[in-house]
Amino acid sequence: EFGQTGGKYENKAYQIDFGNGYATEVVVNNVPKITPKKDVTISMDPSSDNIDGQTIPLNQFFNYRLIGGLIPQNHSEDLNDYSFVDDYDQKGDQYTGNYKVLAKVDIRLKDGRVIKAGTDLTAETQVEHNQDKGMITIRFKEEFLQEIQLDSPFQAETYIQMKRIAVGTFENTYVNTVNKVAYASNTVRTTTPEPKKPEEPTTPTPNPKGNPTLPQTGTNDSSYMPYLGLAALVGVLGLG
């Protein structure tokens, strides 16, 4: 079947004409092997690190990166379907409505134009979203695919933005369809732990109150006070 294993297949037809058999020319069909891939990224940037197998905090925005299979330049069929079907876990992920599609290779069109790798192709796609089933389908418009030269390679990737809305471990696999044949990607897995609870503020321990101190008056040298009192008493008694 197209793309399951890839390889080269030869086909020779025989025509029977009035009892005589004639062999036609051998036709070689090059069937590419379709191997879609899936990553998890924080940004919609091809250089963004793959965080598959890592932790995603609760309420974090992130992306599922769906890398479509490569259709080489020597393929034998016109493209009439190239789609991304992502059946995500709606219990843990919430689709934000944002997605982006980029060309992965240079694409030659029948009118001579060349679409460079990295070009934004979102406008050439259509999206369908079923929130209840947790299903997103992004497919290229057939009229765009018909513009691609038969001998041109084709490959695209899609970034689907999500928000993590629950605690737990969540797995996700997507399906890349090429000419109505489905090919499953690898499975990605991310975990969201319980958020840390804020520490309760501690009440400071009050310092123990000391004995009240009477205010001091007069000189600081209290050793002269008895002598002053004695002198005053002598004066009163007339003993001086």
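Some points to look at:
- Radius of gyration (Cα atoms) of the stretch 34-192, expressed as a multiple of 2.2 N^0.38 Å: 1.04.
- Lys, Arg +1 and Asp, Glu -1 on Cβ, resulting dipole of the stretch 34-192 about Cα centre, debye, nearest 20: 300 debye
- Inter-centroid distance (Cα atoms) of the stretch 101-162 relative to the stretch 49-78, Å: 14 Å
- Entries of K33/K141; K163/K197; K110/K133; K37/K141; K33/K133; K38/K180 with Cα pairs more than 28 Å apart: K110/K133; K33/K133
- For the stretch 58-100, the residue among L58, G69, G92 whose Cα projects farthest onto the positive side of the dipole built from Cβ charges is L58.
Each value in this text was obtained by applying a stated rule to the coordinates, not by laboratory testing. Values in this document were obtained by computation on a predicted structure and should not be read as measured data. Quick reminder, even Gly has a Cβ in these numbers, built from the backbone with ideal geometry, and neighbours come from all protein chains shown.
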